[in-house]
Every structure is written in C-alpha cells, then in structure tokens.
Amino acid sequence: MWFFEGLLFCGVGFATSILFSYFYLKEREKLDLSAFRIFNEFTVLGLIFLFSWVFNPVIFRLLVSGLAVLFFLGESARFLMGIDKQYRIMFLAFEYNDREFSLYQIRKRLFRSFVKPALKFLGLYAVFSNVDLKSSLIVPAILFLGVTISLLNGINKLD
C-alpha cells in the first residue's frame with residue numbers, strides 16, 4: 001500500500017515539475033525560484049513525519065501530495081536556476097525556438113533533475129508514513145533507492 005501511494009505522490013510531483021520546467025524555460029522573463037529550494041530532503045522528511053502524527057489519513061495524503069509537488073519544484077528549481085542565459089541565447093541563435101530549447105533541456109537533465117528526486121521522495125515517504133520499519137520489504141527498498149541515488153550522483157560527474 002505505501003509503495004503505491006509513494007508512486008502516486010511521485011507521479012504527481014514529477015508531472016508537475018516537468019510541466020513547470022517546460023513553461024518556465026519557454027518564458028523570456030525569469031522568476032526568482034529560490035524560495036522553492038527550502039523544500040529539500042530534510043524539510044520533506046520532517047514534514048512527512050509531522051503530518052503522519054498530526055493529521056488523519058485523508059488529510060495526510062492530501063498534504064503529502066502538495067508536499068511532493070513542492071519538493072519536486074524545489075529540485076527542479078536547482079536545475080532551472082543553473083541554466084546560463086548565454087547558453088540559451090546561443091541555442092536560440094542556431095534557429096531553434098523556445099519549445100525546442102525547453103524540451104532539449106528537460107530531456108538532457110531528465111534523470112538528474114527529475115528521476116533522482118522521485119527516488120528520494122519515495123524513500124522518504126516509505127520511511128516516515130506510518131510504515132512498519134520491521135517489514136521485510138522496507139529495508140531492501142530503502143537500500144535499493146540509496147544505491148540508485150548514489151549511482152545517479154555518479155552520472156552527474158560524467159556530464
């Protein structure tokens with residue numbers, strides 16, 4: 001049950017952050033996204049833990065889905081704020097349009113900026129959403145997520 005809930009929350013956050021990134025990259029005027037960066041792993045971990053204690057299950061799931069969106073936007077804000085304006089101008093100078101630039105950037109950074117946060121959020125949700133930590137599936141799942149995230153961190157160094 002927790003696994004499918006986690007996948008659902010990750011799907012909501014994943015889709016929202018990709019759409020937000022696409023529309024953000026298409027725009028000429030840029031917004032300040034630094035406020036989203038507060039939703040890192042530790043903030044999400046604390047809020048999931050707090051929400052699981054304070055709220056009933058229905059409200060908890062609604063709040064966690066909103067938290068998933070904010071977490072993914074925070075992770076994609078790091079990616080979006082790292083794109084150089086001169087690189088964008090050079091890309092557009094080769095007669096590509098804003099749509100092609102946006103899709104290229106999202107495809108180029110799909111695993112690093114969107115899949116890795118999905119794995120992180122799934123792990124955080126699994127640990128602190130009223131899951132029995134003595135379950136035989138939770139420990140291998142968390143270990144698998146941790147190894148996969150570290151492998152994706154290694155991919156960053158190759159770019």
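Of note:
- Packing-based order for 83-93, 55-65, using average beta carbon neighbours within 10 Å, highest first: 55-65, 83-93
- Candidates per GluC sites (Glu not before Pro) in region 1-108, loop by DSSP, up to 11 other Cβ within 10 Å: E27, E29, E95
- Working from Cα pairs under 8 Å separated by at least six residues, relative contact order for region 1-114 is 44 percent.
- Burial ranking of peptide ranges 14-22, 111-119 (average Cβ count within 10 Å, highest at the top): 111-119, 14-22
FYI, it's all coordinate maths here, none of it is from the lab. In this text, all values refer to a predicted model and were calculated from it rather than measured experimentally. FYI the Cβ positions are ideal-geometry reconstructions off the backbone, even for glycines, and counts take in every protein chain you see.
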